[in-house]
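Notes follow once the structure below has been shown.
FYI, it's all coordinate maths here, none of it is from the lab. Just so we're clear, the structure is a prediction, and the values are computed from it rather than from any experiment. Here the Cβ positions follow ideal geometry from the backbone for every residue, glycine too, while neighbour counts run over all protein chains shown.
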């Protein structure tokens, strides 16, 4: 269980670092409001505590002494945030001003969340977030070539086969 916790924390930390690196001006903006500490709870998942201090990012499941704000949302609201980068005020506790400055900073940096999910959590997460984003924004002019879908499914099958092989070895 401890190993899974470490991997989750590492993945979240890498996602935040990729988010910062994906936009040329977001790093400067984060430095302007740093240090920043907040908690995020999505539905029934365990609360995640995130601290950003200049170039240092700390992700933990243990409570920290002081958080600037906390966000408590369900899965549908999280998906909605990914697609339109806005959140209802009622889900934020603590320093709402700092929370909205942070959210608006992310919103103005034009981050492609499906690409970030794909890069950090695999093809399947990337495809799901892309399809959800497309569905929520009703992008009717977006088409995926059949060859591309076949290639992605083939890659997914290869990954599943590798995972099965690793499980059998252990």
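Key figures
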{"item": "Mean Cβ count within 10 Å, highest first, over the residues of peptides 68-77, 26-35", "result": "68-77, 26-35"}
{"item": "Calculated P(r) of segment 1-97 - Cα pairs past 18 Å, %", "result": "52"}
{"item": "FRET efficiency, 1/(1 + (r/R0)^6) with R0 22 Å, evaluated for residue 78 and residue 149 via beta carbons", "result": "0.30"}
